[in-house]
Amino acid sequence: MGSEARDSHAGKGRVMKLLVAGFNAHAQLDAQREGDVRAFGPVRGGPDDEHDVDVLFAGWSTTVLHSPTAGIWSLGHQKLGLAEGATMEKEAIKASPRPTCAFGDHNGLIGLLSEDGRLHWATQHSASRDNLLVSVTTDASPGVSHIAPAGNERVAVTFKQAPNGRLCHVVEFEDMEKFQTWYEDPSGEDNHPERHHMLPGRPKQLLANTATFALLMEGGEVYSWGDARHQSLGRSTTAGGDGVVSAEEPGVVEALGGLRIAKVASGGWMSAALSEDGALYLWGASMPGAERSIRCLREAGAGEVVLVDIPGGEEGEPLDVVDVAVGDAHVAAVTADHRLFLVGDNTNGQLGVDSEQQFYEDWTEVEALRDVHVQRVVCGPRATFTFVGSGYDSTQAT
């Protein structure tokens, strides 16, 4: 599954420090320490002189990073490198702007889509352990804008539209191999999508989690489809109802109707939506089958979307939210006053609160970051990355 950073780069142009906490068994967060990172500290292991670093992909065992000067590199299990004869491909990636879409799975980055519409695949080089970013775009390849692989191997894709286009085409494939075969030769006799959906509007974000897809349109509408268990679609799929859309087809999340949604985030069995006026909505389940659950989701019924209240405003008013990210079983939110709040699983320290407590059912603030101007947040499955401005002292990191 892809990193949620791929569709949002708030604060672009500002120099921000990247901090991280969470699962570090493969040294994918901090190459200079062993074990999990339970309190937020700098990402270490890339170019020494880097600042203004962004997260392209945050996976279970690999983190892929990008900067305007160093291009793309990785930490952890998967090694993105350069083998002899691959200079042209590597330099093309390094010189290009930040990719518009990056996606992967449990093993690491699968591919990325560059701004010029070319799809690059992370391909194992026979003479080394490195994975080379190799273009697989052919003259026949269709123009795609978003690629989202779910944890159950299904893949959804949206197409580029003309500037005045108002019809969004979404296609689905059983797995990544079938998508790539179709992409390289879409006219092949057996190379065709398993499903094809047509929706009004223009796509802004396409995300996947364990078994569902979420599509945000530029007009603010949110569609969901896939596996309807654990309230993961945020809408009713009961057969026979008037206007009810089946789980297999993209259906509007009606609870968000009339709201101007600016961003969606998804991970595990949960999804979140953030409105332009700072309201945060959440649906799904944090740890299906386990006794632990996020309090605000505990009483939610099938197809129900929950309006999240993060306390801390004046006279007890809930705080406005400006960014949100979702991991496998935790959620992170940045408030308008630049504070970071998290909730859910903390088994690997992914909440960054320097505590051995394994689960937080209520929102908790990372007080150590209260004065450092938190700007953005990105979640991996068991990790949280946050971008901070002035005030952070790297000498305090453990």
Among (1) part of a strand (DSSP E or B); (2) more than 17 Å from the chain's Cα centre (by Cα); (3) of a type in the set (D, E, K, R), the one test that Asp323 misses: (2)
Pairs where the first residue, in the stretch 275-290, is hydroxyl-bearing (Ser, Thr, Tyr) and the second is buried (at least 20 other Cβ atoms within 10 Å of the Cβ), C-beta under 6 Å, 6+ apart: Ser275/Ile261; Tyr281/Ala273; Tyr281/Val305; Ser286/Ile294; Ser286/Ala329; Ser286/Gly344
Any hit, the stretch 355-368, residues being closer than 22 Å to Met16 by Cβ, touching a His at 6+ places or on another chain (Cβ under 7 Å) and among the β-branched types (Val, Ile, Thr): no
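Considering only the stretch 91-118, state which residues are out of contact with any strand residue (DSSP E or B) (no Cβ under 7 Å at 6 or more places or on another chain) and either modelled with pLDDT under 50 or hydrophobic (A, V, I, L, M, F, W, C) (or both). Give the steps one after another, and end with the answer.
From the stretch 91-118, those out of contact with any strand residue (DSSP E or B) (no Cβ under 7 Å at 6 or more places or on another chain) are 91-92, 95-97, 106-107, 115-117; that's our starting set.
Matches in the stretch 91-118: Glu91, Ala92, Ala95.
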In the stretch 344-381, the residues that are over 26 Å from Asn107 (Cα atoms) and under 18 Å from the mean Cα position of the chain (by Cα): Gln375
The listed residue being of a type outside the set (Lys, Arg), assigned to a loop (DSSP other than H, G, I, E, B) and within 30 Å of Val245 (Cβ to Cβ), out of Gly284, Gly303: Gly303
Tally, over the stretch 58-77, of residues that are outside any strand (DSSP E or B) and buried (at least 24 other Cβ atoms within 10 Å of the Cβ): 1
Condition check for Ala247: at negative phi, in contact with a Leu (Cβ under 8 Å, 6 or more places away or on another chain), without any contact (Cβ under 8 Å) to a residue 40 or more places away in the chain and of a type outside the set (Phe, Trp, Tyr): yes
Condition met for Glu177 (within 22 Å of the chain's Cα centre (by Cα), of a type outside the set (Gly, Ala, Ser), within 24 Å of Ala102 (Cβ to Cβ) and surrounded by fewer than 18 Cβ atoms within 10 Å (Cβ to Cβ)): yes
Condition broken by Ser114, with the remaining ones in (1) free of Cβ contacts under 8 Å to residues at least 24 places away in the same chain; (2) surrounded by fewer than 18 Cβ atoms within 10 Å (Cβ to Cβ); (3) more than 19 Å from Thr212 (Cβ to Cβ) satisfied: (2)
Residue match in the stretch 300-318 (condition: closer than 15 Å to Ser266 by Cα and touching a Gly at 6+ places or on another chain (Cβ under 7 Å)): yes
Answer residue from the stretch 306-320, given it is among the aliphatic types (A, V, I, L, M) and part of a loop (DSSP other than H, G, I, E, B) and is surrounded by the fewest Cβ atoms within 10 Å (Cβ to Cβ) among those: Ile310
Output for the stretch 250-274, where each listed residue is hydrophobic (A, V, I, L, M, F, W, C), in contact (Cβ under 8 Å) with a residue 40 or more places away in the chain and outside any strand (DSSP E or B): Val253, Ala255, Leu256
Leading residue by the ranking (nearest to Asn24 (Cα to Cα)) among those in the stretch 336-381 that are crowded, with 24+ Cβ neighbours inside 10 Å and touching a helix residue (DSSP H, G or I) at 6+ places or on another chain (Cβ under 7 Å): Cys379
The stretch 247-291: number of residues that are among the polar types (S, T, N, Q), over 11 Å from Ser224 (Cβ atoms) and surrounded by 24 or more Cβ atoms within 10 Å (Cβ to Cβ): 1
Residue that is modelled with the highest pLDDT [pool: residues in the stretch 119-143 that are of a type in the set (Ser, Thr, Tyr) and in a loop (DSSP other than H, G, I, E, B)]: Ser141
Unmet criterion (only one of (1) closer than 22 Å to Met270 by Cα; (2) surrounded by fewer than 22 Cβ atoms within 10 Å (Cβ to Cβ); (3) of a type outside the set (A, V, I, L, M)) for His330: (2)
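Of the residues in the stretch 328-340, how many are assigned to a loop (DSSP other than H, G, I, E, B) and touching a Ser or Thr at 6+ places or on another chain (Cβ under 7 Å)?
Qualifying residue count, the stretch 328-340: 1.
The values are calculated or read from the model by the stated rules, or taken from the named source; none is laboratory data. Just so we're clear, the structure is a prediction, and the values are computed from it rather than from any experiment. Glycine also receives a Cβ, built like all others from the backbone with ideal geometry; neighbour counts cover every protein chain displayed.
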